[in-house]
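To start, the structure itself, in C-alpha cells.
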Amino acid sequence: MNEADLLRSSAIEQGRMIRSGLLSSEELTDLYLRRIAERDGEIHSFVHVMADQARHAARKADRARSPGPGPFYGVPIAIKDLNAVRGAFLRMGSRAFERFLAPADDRIVARLRRAGFIFLGKTATSELGAMPVTEPDIHPPTRNPWDLGVTPGGSSGGAGAALAADLAPIAQGSDGGGSVRIPAAFCGVVGFKPSRGVVENPFGQDQPDIVWTCGPLARSVDDAAALLDAMIDLPADGVGFWEQSKRPPSPLRVHYATDVHIVETSSDVRAAVERAAKILGDLGHHVEAKPSLAGVTTDEFLPIWQELVAGVPVADWTLTQPVTRWLREAGKNLQRATVSAGIASIAERVLKLFGDADVWLTPTVAVAPPPIGAWRDLSPPDVFAHAAQLGAFTAPFNVSGQPAISLPAGLSSQGHPIGVKIVGRRGEDATVLALARMLEPALGWHGRSAPRSS
C-alpha cells in the first residue's frame, strides 16, 4: 500500500494493519506528522502539534507485548482544543487562555487514551466553540481544504479540515448547535452527534438539559461508530454502536424536508437531499416528503447560547472577540430556570414536529460555506444571525437531545461538499448509524479526500 492509500484508509483498517504487524504505530504516526508539517501551513487545522509526545506514545505502543482492547490501538487521532489533554495547551480558540497548560486529561480524552489512540495534537476551534466558523483572533483562520477561500465550518473546524486534508485519520469533536455536523458537511466527512447523555460530559458537568456533547468526525460511518464506542462504557454484553450499526434496519418511516424558516436552501443542497430520499425509498424504506422543518428561531436559541458562553470561566473578557463578549454580557444575567424552561419548550415542539417518523432526512447546512472573513466587520447581532442560518437544520436537535449524523452527499456546482443529515428518536443512536451505514455506499462518496490534499 502506498502512502496516499494508507493516509486515506479507514482508521479501523489502520488499526488492523498495526495489530497484524504489517504497519507499526510509529510509522503511521510519523507519516501523519510529516503530512501536517508539509500541508497545514496553509490550512491551520492544528493549533498544537504534539510531535514528540506522539512519537513517544507510538513507540511505546509498538513495544507492548499485546495490543490493548478495541480497534484503534496505535492509531493516531486529533483532539479538539476545547478538550483537555495532559501536557498540552488548552486555549479554546481564545487569547484569554493563551498560556493555559492542561494538567490532566478530561474524561473523554482519558477514555481515548485508554483505547490506545496516539494524540497527534489539538485542532482549531472558534473562540470558546461559540461560532460555526473557525476564525478566532489567536491564530490565522482555519481554511477548507476543498477551497482555501471558504470556511471549513465550526466550531470543530480544525477537525473537519484535518480529515479532509488527510492530516489525521479520525478526530474527536463536540457539538452544541451543529459544531460536529456543520464542519462534516462543509469538509466532506462523517460527523455524528449522539443523543443527550450517551457520552459523558468531559468536565463532569451534570446538567440534565445540556445542549452540547462530544462526538466523532470520521471518514466513514464505521469509523464514527467505533470512535463513539471508545468514548463510552460499552454495555455488559460488549455490543457497542459499531456492532449494532452493522445490523441492517427493518423498513423505517422516513420523513424528509429541504426547507427551514430562517434561511433559503440552495438548489444544490435541495437536490442532494432529494437524491438521498429516493435512495432510501429504493432501499425499501417508507419515505414521505414534508413541506418544511419548523425549527428554532434565532431569538429562541440565543439565550441558550448566551448562558453557555457566559458559563466559561474566563478571567479577562476584554481579551475575547466582540461577538463572544456580546454573548456573555447578556448571558451573565440569565437565570438557569428561565433558560431551562426555554429548552423544554423548544424540545417539546421539536419532538411534536418529529411525529411518528422513525427518522428525518434534511440538509445538514442549507447554504454554501461562507468566505473566510465574511463576518469580520459585522456587528455581533448580525454575526449571530448569520451563524443561526448555518445551524438552522442542526441546532433544534441539540435542544431536543436527539441523535443526528451528517453524511457527505456530493459536491455543489462550486465544488464544495454537501452534507445530508439523518435524525433519529432520542436514544435510537444505533438506528441512525445503521441507516447511515446503509445509505453511505449508495451516495458514492466513501473514501474521497479534498483535491488539494493529494
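Okay, here's what the table says:
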| item | result |
| --- | --- |
| Residue satisfying condition, being surrounded by fewer than 17 Cβ atoms within 10 Å (Cβ to Cβ) and aliphatic (A, V, I, L, M), within set LEU378, LEU361 | LEU378 |
| So LEU390, is it open to solvent by less than 20 Å² (accessible area, probe 1.4 Å) and within 25 Å of TRP212 (Cβ to Cβ) | yes |
| SER250 out of contact with any Phe, Trp or Tyr (no Cβ under 9 Å at 6 or more places or on another chain), open to solvent by less than 20 Å² (accessible area, probe 1.4 Å) and among the polar types (S, T, N, Q) | no |
| Count of residues meeting criterion [out of contact with any helix residue (DSSP H, G or I) (no Cβ under 6 Å at 6 or more places or on another chain), touching a residue at least 24 places away in the same chain (Cβ under 8 Å), part of a helix (DSSP H, G or I) and open to solvent by 30 Å² or more (accessible area, probe 1.4 Å)] in segment 427-441 | 2 |
| Test: GLY68 is more than 24 Å from ALA450 (Cα to Cα), more than 25 Å from the chain's Cα centre (by Cα) and not in a helix (DSSP H, G or I) | yes |
| Those residues of segment 62-121 which are without any contact (Cβ under 8 Å) to a residue 12 or more places away in the chain, within 17 Å of ALA315 (Cβ to Cβ) and among the basic types (Lys, Arg), in sequence order | ARG99 |
| Positions within segment 323-350 being in a helix (DSSP H, G or I) and loosely packed, with under 15 Cβ neighbours inside 10 Å, in sequence order | GLU329, ARG336, ALA337, THR338, ALA341, ALA344, SER345, GLU348 |
| Selection count where residues are surrounded by fewer than 22 Cβ atoms within 10 Å (Cβ to Cβ) and either in a strand (DSSP E or B) or among the small types (Gly, Ala, Ser) (or both), scope segment 288-311 | 6 |
| Scan of segment 155-175 for residues that are surrounded by 24 or more Cβ atoms within 10 Å (Cβ to Cβ) and in contact with a Phe, Trp or Tyr (Cβ under 7 Å, 6 or more places away or on another chain), ordered by number | GLY158, GLY160, ALA162, ALA164, LEU167, ALA168, ASP175 |
| Candidate set from segment 253-269 (those that are touching a Ser or Thr at 6+ places or on another chain (Cβ under 8 Å) and not in a loop (DSSP other than H, G, I, E, B)); member that is surrounded by the most Cβ atoms within 10 Å (Cβ to Cβ) | VAL269 |
| Residue match in segment 392-408 (condition: part of a helix (DSSP H, G or I), more than 18 Å from the chain's Cα centre (by Cα) and farther than 17 Å from VAL273 by Cβ) | no |
| Answer from GLY444, GLY424, GLY419 - the residue that is open to solvent by less than 10 Å² (accessible area, probe 1.4 Å), over 17 Å from ALA368 (Cα atoms) and of a type outside the set (Lys, Arg) | GLY424 |
| Single match in VAL199, VAL180, VAL189, VAL221 (criterion: touching a Cys at 6+ places or on another chain (Cβ under 8 Å) and modelled with pLDDT of 95 or more) | VAL199 |
| Residue count, segment 189-243 (criterion: within 16 Å of VAL432 (Cβ to Cβ) and of a type in the set (Lys, Arg)) | 2 |
| Residue in segment 194-207 that is closer than 29 Å to GLY342 by Cα, touching a Lys or Arg at 6+ places or on another chain (Cβ under 7 Å) and buried (at least 24 other Cβ atoms within 10 Å of the Cβ) present | no |
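The values are calculated or read from the model by the stated rules, or taken from the named source; none is laboratory data. Being a predicted model, the structure only gives us computed values, none of them experimental. All Cβ positions, even for glycine, are placed from backbone atoms using ideal geometry, and neighbour counts span all protein chains on display. Keep in mind that these areas ignore ligands, DNA and RNA; they rest on the heavy atoms of the full protein, side chains included. Shrake-Rupley method; radii C 1.70, N 1.55, O 1.52, S 1.80 Å.
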